[in-house]
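Engineer: Here it is: the structure, laid out below.
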């Protein structure tokens with residue numbers, strides 16, 4: 001198969017991944033707004049789609065981490081295809097069962113597994129990049145999200161204690177629209193960059209761009225559009241898991257969770273860390289619930305979500321390795 005056809009296949013599958021990422025992770029931005037009835041599902045999804053698109057265009061630090069900070073040397077296009085297919089399959093499985101797993105870590109796990117099979121060694125992995133940009137943020141970002149959710153909600157309780165519940169709900173029904181918008185923007189700024197990075201990695205491998213040229217504008221626009229279109233469809237199963245099943249939220253709680261998550265995601269994006277927006281918003285919601293009382297959070301559901309977090313990278317590494325090996329056998 002010619003290299004140009006393989007490159008086209010990589011770009012197409014990457015955009016499909018971005019589209020799936022959009023509807024898989026729609027819940028990250030709007031689950032709390034929908035569950036608190038601050039926004040109708042239709043309006044919430046439209047807002048999330050527009051702001052995901054805008055957020056996808058503002059930065060490329062995460063894309064550079066994906067394209068040059070995790071694997072070294074030249075990768076064949078079929079290796080990148082194997083990584084992408086692993087992430088797509090994992091996203092579809094977790095979406096189908098309504099489990100908020102990480103699209104980001106699915107892609108990274110697939111890429112690592114595919115690269116290991118390609119070289120038949122661990123030498124092609126930039127382990128310092130994986131540890132600094134993936135593993136450490138994987139552990140710290142949910143913990144920080146939980147802490148911020150807990151602290152912001154606790155502070156709001158103290159500050160607003162003299163006011164009636166009716167008045168507080170009225171204020172925060174408006175403020176939560178702003179926090180949801182900020183969350184949608186931050187989701188786009190971090191998540192869309194993963195596909196930008198993987199397409200740029202493919203272009204570098206094909207010799208179409210240099211490794212220090214940055215992210216081409218057409219790549220940015222294509223990924224931003226794909227994510228916005230995916231977001232416009234909405235991932236209702238995961239919205240229900242995050243916004244309804246895990247904890248019952250009031251507008252003030254939704255505001256605290258979204259604001260906490262957006263702050264953490266913006267900080268991680270600035271550091272070039274491809275974090276899981278799913279992990280961060282979920283842990284922020286847990287922190288908000290725990291600030292009231294620990295029994296508020298449905299910890300059995302939270303436990304299953306944490307298991308999905310832990311298993312995502314190993315599972316997609318195996319998927320990426322298996323798919324890449326299968327492609328290698330077929331085409332070589």
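Every number in this text was worked out from the coordinates using simple rules, so none of it is lab data. Quick caveat: nothing in here was measured; it's all calculated off a predicted structure. Counting neighbours? That spans all protein chains shown, and the Cβs are built from the backbone with ideal geometry, glycine included.
Engineer: With just the Cα atoms of the range 34-162, tell me how far they stretch along each of the three principal axes, in Å, largest first.
Structural biologist: 64, 32, 31
Engineer: Relative to the first principal axis of the alpha-carbon coordinates of the chain, what is the inclination of helix 251-270, with its axis defined by its Cα atoms, in degrees from 0 to 90 and to the nearest 10?
Structural biologist: So the helix axis and the longest Cα principal axis differ by about 30 degrees.
Engineer: In whole percent, what relative contact order does the range 52-174 give with Cα contacts below 8 Å and a gap of six or more residues?
Structural biologist: Relative CO of the range 52-174 lands at 26 percent.
Engineer: Would you mind ranking 310, 10 by Cβ crowding within 10 Å, fewest neighbours first?
Structural biologist: Ascending Cβ contact count within 10 Å gives the list 310, 10.
Engineer: Dividing the convex hull volume of the Cα atoms of the range 3-325 by its residue count, what figure in Å³ per residue is obtained?
Structural biologist: 106 Å³
Engineer: To make sure I understand, if each residue's beta carbon is the centre and we count other beta carbons within 10 Å, what order do 6, 286 fall in, fewest to most?
Structural biologist: Placing the least packed residue first, the sequence is 6, 286.
Engineer: Something else about it: Please give the FRET efficiency for residue 132 paired with residue 307, using the beta carbon to beta carbon distance and R0 = 35 Å, rounded to the nearest 0.05.
Structural biologist: Efficiency at R0 = 35 Å is approximately 0.90.
Engineer: How far apart, in nanometres, would the label points at residue 140 and residue 293 be if each is projected 7 angstrom from Cα along the Cα-to-Cβ direction?
Structural biologist: Result for the modelled spin labels: 3.5 nm.
Engineer: Further question: Angle between the Cα long axis of helix 217-233 and the longest principal axis of the chain, 0 to 90 degrees, nearest 10?
Structural biologist: 50 degrees
Engineer: So, one more: How far is helix 299-331 tilted, in degrees, relative to the longest principal axis of the Cα atoms in the chain, given as a value from 0 to 90 rounded to the nearest 10?
Structural biologist: On a 0 to 90 degree scale, this one is about 10.
Engineer: As a footprinting exposure proxy, order 210, 72 by other Cβ within 10 Å, with the fewest listed first.
Structural biologist: Fewest to most other Cβ atoms nearby, the residues stand as 210, 72.
Engineer: Can you tell me how much longer the chain between residue 174 and residue 221 gets when fully stretched, taken as 0.36 nm per residue apart minus their C-alpha distance, in nm with one decimal?
Structural biologist: 13.8 nm
Engineer: For the modelled label position 7 Å from the Cα of residue 211 along Cα-to-Cβ, which residues of the range 43-76 have backbone nitrogen atoms closer than 12 Å?
Structural biologist: From the range 43-76, the list is 67-75.
Engineer: If contacts are Cα pairs under 8 angstrom and at least 6 residues apart, what is the relative contact order of the range 3-325 in percent?
Structural biologist: Relative contact order for the range 3-325 comes out at 40 percent.
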